[in-house]
Structure formats: C-alpha cells, structure tokens
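In what follows, a structure is listed as structure tokens, so that the remarks can point back to it.
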Amino acid sequence: MANLNITIPALKLNDGASIPMLGYGVGTAWGKKEEGKVDQAIIDGVKTAIKLGYYHLDGAESYKNETELGRAIKESGVDRSKLFVTTKVWEPTGQTGDIERALKESLKKLQLDYVDLYLIHSPFWAKSEQDLQNGWAEMEALQKAGLVKTIGVSNYRPQDLDAVLKTAKVKPAVNQIEFHPYLQRLELLEYHKKHGIATTAYGPLTAVTRAAPGPVDDVIAGLEKKYAVSAGEISLRWCIDQDIVPITTSSKEQRLSDYLRALTFKLNPAEIKQINEAGQQKHFRGFWGKKFEPDSRL
Ligand SMILES: NC(=O)C1=CN([C@@H]2O[C@H](COP(=O)(O)OP(=O)(O)OC[C@H]3O[C@@H](n4cnc5c(N)ncnc54)[C@H](O)[C@@H]3O)[C@@H](O)[C@H]2O)C=CC1
Ligand SMILES: O=CCc1c[nH]c2ccccc12
C-alpha cells in the first residue's frame, strides 16, 4: 500500500479555529445498536485512519461508539493537540442542562477534556423556535466554559439557522449536512456563505456508491481517467474545491489510503460545473428523508 504521507490541509472557521479538509466518520459504517460491549474493530478502524493521517475524527453520541473512539485516540499515540475531534449531541429534551450533561458523558467516554467541535445532531428534536434558541444558548455556554473549542449544528435548514441567528451571540461555525452531486443544497450553501458558516459534508460518495448509476457517471469517468484516480476521489475533491469539508469512512485501509489521493490534484471550475450540471438532473437523499419533507431538496 502506497503511503502518501500527506498532511491534510485545513479550512479556517469563523471563530479562528481550523478544521482539516477531510474527515473520517466513525458513524454509519459501524453504527452500534447498543453501547454495551466494546467493539475492537471500531478501535482498530479509527487507529488505522489516524495512522494514515486522518486527524479529523467525526463521532456522535448516537453512534454509541465514543468509548471506542476514545480508546483509539489514546492508543494512537498522536498528541491530542494535533487531532480534531467532533462529537454531536443527540436529541436534547429542551430542558436547560441537558446538552451539558450529554457533553460531559461524551467527554468521559472519549477520555478527553474537550472536543474540537460539538454539534447539535439535527434540528428535528425542537418543538419550537425557542427550543432551537435555548439549545444554541447552551452550546454557547459550553464553549465559554472551555469544554468545546468550536460549536456548530448538523442537518439545519435555512429556517432553523434563521431561528438560531435571531438570538445567537456566537454564530454556528459549522453546519454538517448531506452533500453530493445529487443533493447540492444551493439555497443552504448560499445561506452559509452569507453568514460565514462552514459546510462539512456527510455522504460525499453517495453519487458514486448508493445512488449510482446516474447522470454524473460519464463526467466522473472522464475525470477519473484524466487524474488517474477513482470516482470516490473525484467526489471528495469536488467537495474540497468548493471549500466544503467531506467526511467519509471505510473499514478498508486500502480505500482510506486511496482517498488521500483526493489531496493530490485539483478540479478546474469548468469540471466542477460539469459535475454540478449533471448532478442537478437527479435528486437523491440518503439520510433523514422523511424529516426533510415536504421539501427534500432543502
Ligand atoms: N450528521 C449526520 O446526520 C450524519 C453524519 N454522518 C457522518 O459522515 C460519515 C460518512 O458518511 P457516509 O455516508 O458513510 O459517507 P460516504 O458517502 O463517504 O460513504 C462511505 C461509505 O461508502 C462505502 N463505499 C466506499 N467506496 C465504495 C464503493 N466503491 N462501493 C461501495 N461502497 C463504497 C464505504 O464502505 C462506506 O460505508 C459517517 O461516518 C458519519 O460520521 C453520516 C450520516 C449522517
Ligand atoms: O449521523 C448519521 C445518522 C445517524 C443518526 N444516528 C445514528 C446512529 C448510528 C448510525 C448513524 C446514525
């Protein structure tokens, strides 16, 4: 296996912190049903990713594997300050103190005294605008207390961000969303740009994996040939070249190693446009489908 020995570049966030431009997700591939028994395969998978240079690790309370993520971090031997660790709070109840309790529990499992990025996993728990605003105020307090470096959200739509921004003292630094050629989120990306919110992308390989075949196939095949990389790497680069941070995952070391080739070339604006135009001919949402109705494209 070629060791590319690549340092993943970083994107500056609106609070001055830097997020590595490619993340490793500890989520869907190995989502555990129960917290219970420690799963060595998850620990080994994260350690492999770290060994390859994936220092941006994307976890969540709901993945029920923060214990494994924490052990892998410890056993990796990489200095904590070099890693960028994200976790997410699942469904707060709206009661003050709820998010703080969840974070403290996460930190305990992760064996960390802070996370680099803490996200509210989705807006769908909130029963009102006020819930969203109170939840965000709690996040601000946690940042102030030093338990998290950067705060953000995930799966928030323009209307959810509108509610948060009405009362926010600190703007969300990040919105983690599903993003790929078949779900381009143009209105939301415009909103992010206007407010200085960075976009991180889950499901970045969707168009070439679970939503394939489709109208981007020919464009991507041409680019695979031109840059001598795989469709996955073109998909990741398509995000990076739009200043969007892809979060991918695999249990296969070879795939994770190959994905790093996404950092060795650049798509030109015409190539990005070709993917965008082809992608807009199909719509596909892989996660949270029902929750996004009636407008699944938001
Ligand atoms: N905030 C949220 O609501 C969500 C966050 N996430 C985060 O994003 C991370 C990545 O999400 P994914 O959708 O898994 O990302 P992804 O689109 O990069 O897909 C990765 C998956 O595709 C598979 N894959 C890769 N190459 C393939 C090929 N050639 N043929 C078939 N399958 C192939 C991998 O084995 C892996 O399971 C998760 O681990 C999690 O951390 C994921 C979903 C929702
Ligand atoms: O974050 C992605 C979607 C999701 C929400 N909860 C879980 C639990 C396990 C795997 C994925 C997810």
Members of region 41-50 found to be at pLDDT below 95 and either farther than 17 Å from residue 252 by Cβ or not hydrophobic (A, V, I, L, M, F, W, C) (or both), listed by number: none
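Looking at region 65-97 only, could you name the residues that are charged (D, E, K, R), modelled with pLDDT of 95 or more and more than 10 Å from ligand 1 (Cβ to nearest atom)?
Step one: list which residues in region 65-97 are charged (D, E, K, R), which gives 66, 68, 71, 74-75, 79-80, 82, 88, 91.
Checking the rest, the ones that are also modelled with pLDDT of 95 or more come to 66, 68, 71, 74-75, 79-80, 82, 88.
Listed by number, the residues that qualify are 66, 68, 71, 74, 75, 79, 80, 82.
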Given (1) within 16 Å of ligand 1 (Cβ to nearest atom); (2) part of a helix (DSSP H, G or I), number of the condition residue 8 does not satisfy: (2)
Qualifying residue in region 281-293 (condition: polar (S, T, N, Q) and more than 16 Å from ligand 2 (Cβ to nearest atom)): yes
Of all residues making up region 170-226, the number that are within 16 Å of ligand 2 (Cβ to nearest atom) and in contact (Cβ under 8 Å) with a residue 40 or more places away in the chain: 15
Complete set of residues in region 153-172 that are of a type outside the set (A, V, I, L, M, F, W, C) and more than 14 Å from residue 120 (Cα to Cα): 158, 159, 162, 166, 167, 169
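Provide a single number: the residues in region 122-132 that are within 14 Å of ligand 1 (Cβ to nearest atom) and crowded, with 20+ Cβ neighbours inside 10 Å.
Step one: filter region 122-132 for residues within 14 Å of ligand 1 (Cβ to nearest atom), giving 122-125.
Next, from what is left, pick out any that are crowded, with 20+ Cβ neighbours inside 10 Å: 122-123.
Summing the residues that are within 14 Å of ligand 1 (Cβ to nearest atom) and crowded, with 20+ Cβ neighbours inside 10 Å in region 122-132 gives 2.
Scan 76, 106 and give me the residue that is surrounded by 22 or more Cβ atoms within 10 Å (Cβ to Cβ), among the hydroxyl-bearing types (Ser, Thr, Tyr) and either within 16 Å of ligand 2 (Cβ to nearest atom) or more than 30 Å from residue 192 (Cβ to Cβ) (or both).
Details: 76 fails: surrounded by 22 or more Cβ atoms within 10 Å (Cβ to Cβ).
It is 106.
Limited to region 112-132, what total is found for residues that are within 26 Å of residue 245 (Cα to Cα) and not β-branched (Val, Ile, Thr)? Explain how you work it out, then say what you get.
Our first condition is that a residue be within 26 Å of residue 245 (Cα to Cα); within region 112-132, this holds for 112-125, 132.
Then drop every residue that is not not β-branched (Val, Ile, Thr), which leaves 112-114, 116-119, 121-125, 132.
Of the residues in region 112-132, 13 are within 26 Å of residue 245 (Cα to Cα) and not β-branched (Val, Ile, Thr).
The values are calculated or read from the model by the stated rules, or taken from the named source; none is laboratory data. Because the structure is predicted, anything quoted here is derived from the model rather than measured. Positions of Cβ are generated from backbone atoms using ideal geometry, with glycine treated the same way; all protein chains shown enter the neighbour counts.
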